[in-house]
Amino acid sequence: MKLYITTILLAIVSGTSSTFAQIRSNNAVSSTVGGQSVFLDASANGFSGSTNSGKGLAFPRTNLTTFTFVTPTTGALNFPTGYDGMIVYNSGTGNTPGTGSGVGAQAVTPGFYYFSNPTAGPGNYTTAGGRWLPIAGNPKVNFTNSEVATNTLVNNAQVYAIKGQFTATGSSTAVDIPAPTGMTALYGITIYKAGTNTVYDRSLYSYTLATTAGNAITGSPSMSVVYPSGTYDYVIEYLK
């Protein structure tokens, strides 16, 4: 029995070395990968003979709040793209570390992410200039009082969001909506009746990047409006 297992292992090793640059799928090894647009065919009927017995692709799971890269060096077999385009399923909630994982302190939530590192290439294999970006179709963002990354990019820049609350006096258009840490521009805002899911407004007359009182003026871009006295929840979306 031991000889039998050893023989199989040797055959696998031998087969691996002889089929380098070829892909085994659907119980076959393709010898024409170089002339095809797809390098892997894992369609269901190739395995089971029935399209009713589907096969899914399970992406690697990792926690991006603790993930670090093994830094690429040089050569075609050492990821000359600097991992640009690498896809993972993130299981963690929090911020990415500041070393070895692209740009540090990126807010991430569970879902699919890809590593964007477009400046990498011949002579530059570092991951330091890259960042993790959510793939469209991530689970819906759960807005909380802590910063989260949304599924929106503007000119390749990540849009972040945070939930808060302000009180309107009923006599003034000025309300307090402090600028989140690192915010450089307002992307959008949604204002709710406090404690409900009823949208009250999606605009402000003006917004000042400051943490002082009264930095936001309620209303629309064309007219300031005094909100009725009461408490309001908001989700502010912004760029850094």
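Could you please let me know if residue 193 is in contact (Cβ under 8 Å) with a residue 24 or more places away in the chain, touching a Phe, Trp or Tyr at 6+ places or on another chain (Cβ under 8 Å), surrounded by 13 or more Cβ atoms within 10 Å (Cβ to Cβ) and over 26 Å from residue 107 (Cα atoms)? For residue 193, the condition - in contact (Cβ under 8 Å) with a residue 24 or more places away in the chain, touching a Phe, Trp or Tyr at 6+ places or on another chain (Cβ under 8 Å), surrounded by 13 or more Cβ atoms within 10 Å (Cβ to Cβ) and over 26 Å from residue 107 (Cα atoms) - is met. Taking the residues in the stretch 68-93 that are at pLDDT 75 or above and of a type in the set (A, V, I, L, M, F, W, C) as candidates, determine which candidate is farthest from residue 124 (Cα to Cα). Result: 88.
Being of a type in the set (Val, Ile, Thr), modelled with pLDDT of 95 or more and not assigned by TED's automatic domain parsing to the domain that holds residue 116 is a property that holds for residue 226.
Taken as a whole, the structure places residue 108 among residues that are out of contact with any Lys or Arg (no Cβ under 8 Å at 6 or more places or on another chain), hydrophobic (A, V, I, L, M, F, W, C), surrounded by 14 or more Cβ atoms within 10 Å (Cβ to Cβ) and modelled with pLDDT of 75 or more.
The values are calculated or read from the model by the stated rules, or taken from the named source; none is laboratory data. Note that the structure is predicted; figures quoted are calculated from it, not measured. All Cβ positions, glycine included, derive from the backbone under ideal geometry; neighbour counts span all protein chains shown.
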